[in-house]
Structures are given as C-alpha cells and as structure tokens.
Amino acid sequence: MKNRIRQTISIVVPCYNESENIDEFYSRVCFVMSKIELNFNWELIFINDGSRDDTLQKLIILHAQDNRIKIIDLSRNFGKEVALTAGLDYAEGDVNFHTR
C-alpha cells in the first residue's frame, strides 16, 4: 500500500459585520468536518472585510482556541470578490472551498 500524504481542505469565508453568525458558523463547520470519514486536515480562513462590528474580535478569540482558524484583516471593505481572492491566495489546502 502506498503512503498517502494527508491532504488539507481550505474553507475560505469572507466576513462583513458577521459578529452574530461566526460562532454558529464555526460550530457547524466543525460538526460537518468531524463527520467526514476521509482523513483530511482542514483550515478555516476568515477574511474580515472591513467589518464595523466586533467580527474581528470574535475571530481572534476563535483563533486563540483553534489553530486551524486563520484570519486576514483587510484595512477597509473591498467587497467579497477581493476578500475571496485574498483568502484563496493565502490558503494552504489541496482542496479549497469558499462561501458566498
């Protein structure tokens, strides 16, 4: 049997004023990823796209609790297309997913 290198899935999530949704989204992603029977590493890349609420603070707390969480903090709101591009450029995974 061949040795297989464990692949990584990158999930890229642009955020703009999503403070109220981050914890639930994170919980659901963790649940789904725990049910995948394939042996993958995964990372969750949040791009804070100039949020004016406490989105960034919540992301920082999640990152402190889970090293699979990566954060890109844009200096202002550039829009979801730029945010997704930034996240995909930063992603280390062999497989990349993004949300809209």
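Quick look at the values:
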| quantity | calculated |
| --- | --- |
| Cβ-Cβ under 6 Å pairs, at least 6 apart or on other chains, segment 13-32 side surrounded by 18 or more Cβ atoms within 10 Å (Cβ to Cβ), far side assigned to a loop (DSSP other than H, G, I, E, B) | Val13/Thr99; Tyr16/Ser51 |
| Any chance Leu88 is more than 13 Å from Thr8 (Cβ to Cβ), of a type in the set (A, V, I, L, M), open to solvent by less than 50 Å² (accessible area, probe 1.4 Å) and modelled with pLDDT under 95 | no |
| Enumeration of residues in segment 33-52 that are open to solvent by 60 Å² or more (accessible area, probe 1.4 Å) and within 23 Å of Ser75 (Cβ to Cβ) | Arg52 |
| Total residues in segment 1-55, condition modelled with pLDDT of 95 or more and among the hydroxyl-bearing types (Ser, Thr, Tyr) | 6 |
| Residue under evaluation Ile61, criteria (1) hydrophobic (A, V, I, L, M, F, W, C); (2) part of a loop (DSSP other than H, G, I, E, B); (3) open to solvent by 90 Å² or more (accessible area, probe 1.4 Å), criterion not met | (2) |
| Members of segment 18-48 found to be of a type in the set (D, E, K, R), in contact with an Asp or Glu (Cβ under 9 Å, 6 or more places away or on another chain) and either under 16 Å from Ile71 (Cα atoms) or part of a helix (DSSP H, G or I) (or both), listed by number | Glu18, Glu43 |
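The values are calculated or read from the model by the stated rules, or taken from the named source; none is laboratory data. Every value quoted in this text rests on a predicted model; they were computed, and no experiment measured them. Positions of Cβ are backbone-derived with ideal geometry, glycine not excepted, and every protein chain shown enters the neighbour counts. Calculation scope for accessible area: heavy atoms of the full protein, side chains included, ligands and nucleic acids excluded. Shrake-Rupley method; radii C 1.70, N 1.55, O 1.52, S 1.80 Å.
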